[in-house]
Amino acid sequence: MDLPDEHVFALTPEQLAEALPRRGGRSARPFAPRGGDTEWWRYAGIEQRREQLDRAAAELLTAAPIAAALRSYLDGTPDPLGAAAAFLVDDAVGTPLWREPGYSQYDAWLGEHGAEFAAAAVLDYFAVAMVHPVLRGVPDPGRYLESLAVAAVPADPDEFPWRDLGRELARLRTHLADMPEPEYQRVTAVFETKDRNPIQRAARAYLAPERTDWVDAVCDERPHRRFANFGVDAWLLQCASTMDQLERARLTRLPAVGLYPHVVWTLLDGIGLDCTPLLTGAADLATIDDGRRDFVLDVLASLPRDEAVRHLLERIARHRTWDRLQGVAARFPVRTLRAVADLAVSADREDLTRLTGLVQSHPVLSGPARDALDPADRDRVDALLEYRGLPPETPDVPAALAQPPSRKAAPAWTAMCAATPVLLKGRKARLPQAAVAHLIAALALDTPKSPHPAVDAAIATCDAASLRELSWGVFTAWDLAADRGNPWAFAQLVRFADDEGVRRLEALILQWPGRSLHKRAVRGLELLGAIGTEEALAAVHRVSRTSAYKGLKKAALAEVDRIAARLGLDEEQLLDRLVPDFELDADGRMALDFGPRAFTVGFDEQLKPFAIDPKGKVRRSLPKPAADDDPEAAADAAARFDRLKRSLKSVGTEQAKRLERAMAAGRVWARADFQRYFAGHALMRHLARRLVWQYTEGREWTSFRVAEDGTFADVHDNARRLPERCAVRLPHPLLLGPEVPAWAEVLADYELAQPFPQLARTVVALTPEEAATGRLARFEGLSVPVGPLIGLRRGRSWWSYSDAYSAPGEPLGLKRELPGDGFLLLGLAPGIDPAAPSYEPRQTLKAVRLSTGESADDPAPRGLDPVAASEVLSFLEQLTVR
């Protein structure tokens, strides 16, 4: 197998046709004047605008030489300055010239008075300007009606107020490249005097790039000019012939305006392959769209330069260059392999896998190109192909992985992941790469309803981390290939994903809608649902909270409900699992680094954050950076603190209410859940340590609190160790009994305010009559505002409408299901109409009753839990006080 010549490069005829021509070069081409432009200019530009042109010539503010030149040109004299002024005024007042497709002002002037005149007029255009600003043919609103004065451009202008005349300059440059020598000499002799300002000089150099003295002068003066203009910079790119010129101009990166085909081909035609660093830098610009980036990457793939090949190899994941590299490897195999050998020294495992896959998929690389390398590079390539440093291949391949699972050819992109090393359990041997290829093929056939035996065999015999790496590699390769088919490559993530895989997928789901991949994002949510772990649940919930896309938020909320149902979680258990950590560390802390000093974040009883300075002083906001602080670190710290405050705006209130509901309802947690969601949670631990808890192993309940360091202590501050299999609850003061005063003293000593009334909670009991009948007569006849009642119906307190005390068709009362057994029934007068609940501003409690059912005739509950009774009575007392 012969190696290709890796040093040949030439622009194609099609590329040369797009490049701007250079006199004496391959890009030079015949010039043919356009017919009709001169007549159209004389009519639309002169005759139809004669009044405005005469006004401009008569303006007192018009420079005298320009006024004289304009009058002379209007009288028929071939005056280039006058012609330029006429065109400038036409443009300022609005011109129909460009209604004619392909119209060129240079061709109009060429047909009028010849090449010397037309060329001079084009350059003189950059020596005149409207006194009142006009930008690209659009004047300041109303100003041009007051004055059409024309002034000379100063020698050192601070702006570029013209059209760039791209078509006119290109037409003139094409003509100059094709002119007979005598005519060319006459025209360039005219150019010698066209150096009144840096723009005119830059245009002159752009028109005649073979005049390297003009190009050198413009490059030298660019760093010192007072205006910035990407169009003028593009002129320089297209007239330079050496990188030294551009370096002197400090034009060492291609601006976005330079990433059009005609600019790039002109640059390559003028400078050649030495401009490759400009193109590699441009390909990484964050400000360019995908189309222009793809164009630059395609250009790099055609260049026989090591830095171009390396750039593409380094950006397989970042810029999806895998497909381009297939052609690069075929055209430049030695350069490709040399770059692979160099990159392999510091590449991570994911990149090593792709590099190995590229070499393995091109026989020319592992054969003739390898033989052409120097010994050091050859050894590095051999190390890749031999998997040095990894365990040896196992001879005992599971039968299901020993043969291909089907005859269907694998997608070409699987070469990106097929070199992934898959270790066996114990990590002392690995699957042969042929078996890995069989496993990838089996993944294409594997479904939840019909698991493939080869995948099951891999799970049974292979290292879990290796399988996760392969799984993610398959998905990433599919994604980088932009494969709209083969959805199995996405779905197979469910088979292997751990918590880290869930978080990686979550990050992509949040990005995809912004890349017009909304359906893929929704499918990603479904896959998280299929994974079904608590981390997957938390990830979907985070998407529902943080996504900027309403459609994705809605899909995430629906998926949260499905996952919760699959996990068998009720609403409160679900909420336990959905509290974020808000960037706090594992100990619930956040350090805000200012460089020489640092602040620590603390939280009050409502989870409102504050900063603690190095001296222990509490601050509600961070101070401004001091002179010796690190300004960047301080700015980052301030941004993190501000983000934390915004994120926690309503979280403290929500979580306090949730814990209060848990106390009133008598919720019980397993010790592991209590540790994970409260005592050990980065955020919730700050509320947990302000409350009193109880644990039991099945008999008596023992009280404890969560200390600041995460340990547990009793009311005497003695350390407590919670049994592994105990249950934990948040006790109502009725359940704490005589311990309440002692616990209140402990929390007061530690200056721990509670997030809701626990120890100081009002305790109320039913009278014997109320317990026997269920009727709470003490509240009957009292009037309450309708607002709080409507709020009960809309809140999360198990309230709903009730017809227990309403005749058919009449407005309704309310009912609430009680923990354990029974209902609280409220009969209201005049009652609430669900269609207009706030119509009556006040309601009278005509009946208040505890009942075993939803009817007024049902008996009173027997043995109602004292905590439930106390909470009901306290609620009614608060309601009727309003």
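The values are calculated or read from the model by the stated rules, or taken from the named source; none is laboratory data. Computed from a predicted model, the values in this text were never measured in an experiment. No Cβ is skipped: glycine too gets one built from the backbone with ideal geometry, and neighbour counts run over all protein chains shown. Note: accessible area is taken over every heavy atom of the protein model, side chains too, but ligands, DNA and RNA are not part of it. Shrake-Rupley method; radii C 1.70, N 1.55, O 1.52, S 1.80 Å.
Values as computed for the structure displayed
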| read-out | value |
| --- | --- |
| Straight-distance crosslink candidates among aspartates and glutamates, where the alpha carbon sits under 16 Å from K657 and sequence neighbours closer than 8 are dropped | E571, E572, D576, D604, E605, E871 |
| Reachable lysines from K428, criterion Cα separation under 29 angstrom, eight or more residues apart if same chain | none |
| Efficiency of FRET between R253 and D630 - r from beta-carbon atoms, R0 35 angstrom, step 0.05 | 0.75 |
| Cα centre as origin, Lys/Arg/Asp/Glu Cβ charges: the chain dipole, Debye | 1820 debye |
| Part-to-part distance (alpha-carbon centres) for the stretch 189-265 and the stretch 40-94, which is given in Å | 29 Å |
| Three semi-axes of the equivalent ellipsoid, the stretch 142-246, Cα gyration tensor, whole Å, largest first | 25, 18, 13 |
| Förster radius 41 Å - calculated FRET efficiency between L343 and S406 (Cβ-Cβ, nearest 0.05) | 0.75 |
| Charge-dipole axis of the chain as Lys and Arg at +1 and Asp and Glu at -1 on Cβ define it, positive-most pick from L97, T762, Q492 | T762 |
| Modelled FRET efficiency - R0 25 Å, E583 with A672, Cβ distances, 0.05 increments | 0.55 |
| Integer Hz, Karplus 6.51/-1.76/1.60 couplings in order for the stretch 202-217, x for Gly and Pro | 5, 5, 4, 5, 5, 6, 10, x, 5, 7, 5, 5, 5, 5, 4, 5 |
| Backbone HN-Hα couplings from phi across the stretch 186-193 [Karplus 6.51/-1.76/1.60, Hz, Gly and Pro as x] | 5, 5, 5, 5, 4, 5, 4, 8 |
| Debye intensity ratio in log₁₀ form over the Cα atoms of the stretch 65-112, taken at each q of 0.23 Å⁻¹ | -0.87 |
| Separation of alpha-carbon centers, the stretch 488-536 and the stretch 412-459, rounded to whole Å | 20 Å |
| For the chain, calculated [θ]222 nm from helices alone, where every DSSP H run of n ≥ 4 adds -39500 (n - 2.57) | -13500 deg cm²/dmol |
| Computed magnitude of the charge dipole of the stretch 495-653 (debye, nearest 20; Cβ of K, R +1, Cβ of D, E -1) | 820 debye |
| Under DSSP loop assignment and at most 14 Cβ neighbours within 10 Å, longest chymotrypsin sites (Phe, Trp or Tyr not before Pro)-free interval of the chain | 228-749 |
| Summed residue charge, Cβ within 14 Å of A444's Cβ, Lys/Arg positive, Asp/Glu negative | +1 |
| Pairwise label distance in nanometres, E500 with R699, each label 7 Å out on the Cα-Cβ vector | 4.6 nm |
| Additional length obtainable on full extension of the chain from K550 to L567, 0.36 nm per residue less Cα span | 3.5 nm |
| Listed residues G680, A84, T773: farthest to the positive end of the dipole of the chain (Cβ charges) | T773 |
| Accessible surface, the stretch 1-93, averaged per residue in Å² (probe 1.4 Å) | 51 Å² |
| Part-to-part distance (alpha-carbon centres) for the stretch 283-331 and the stretch 686-729, which is given in Å | 60 Å |
| The chain, accessible surface, carbon-and-sulfur percent (1.4 angstrom probe) | 52 percent |
| Residues whose placed amide H lies under 5 Å from that of S802, excluding near-sequence neighbours | G813, L814, K815 |
| GluC sites (Glu not before Pro) restricted to DSSP loop in the stretch 328-415 with at most 13 other C-beta within 10 Å | E386 |
| Where the stretch 267-377 is the region considered: accessible area per residue in Å², 1.4 Å probe | 36 Å² |
| Above-threshold pairs, the threshold being 31 Å between Cα atoms, out of K408/K554; K624/K649; K550/K617; K608/K846; K425/K449 | K408/K554; K550/K617; K608/K846 |
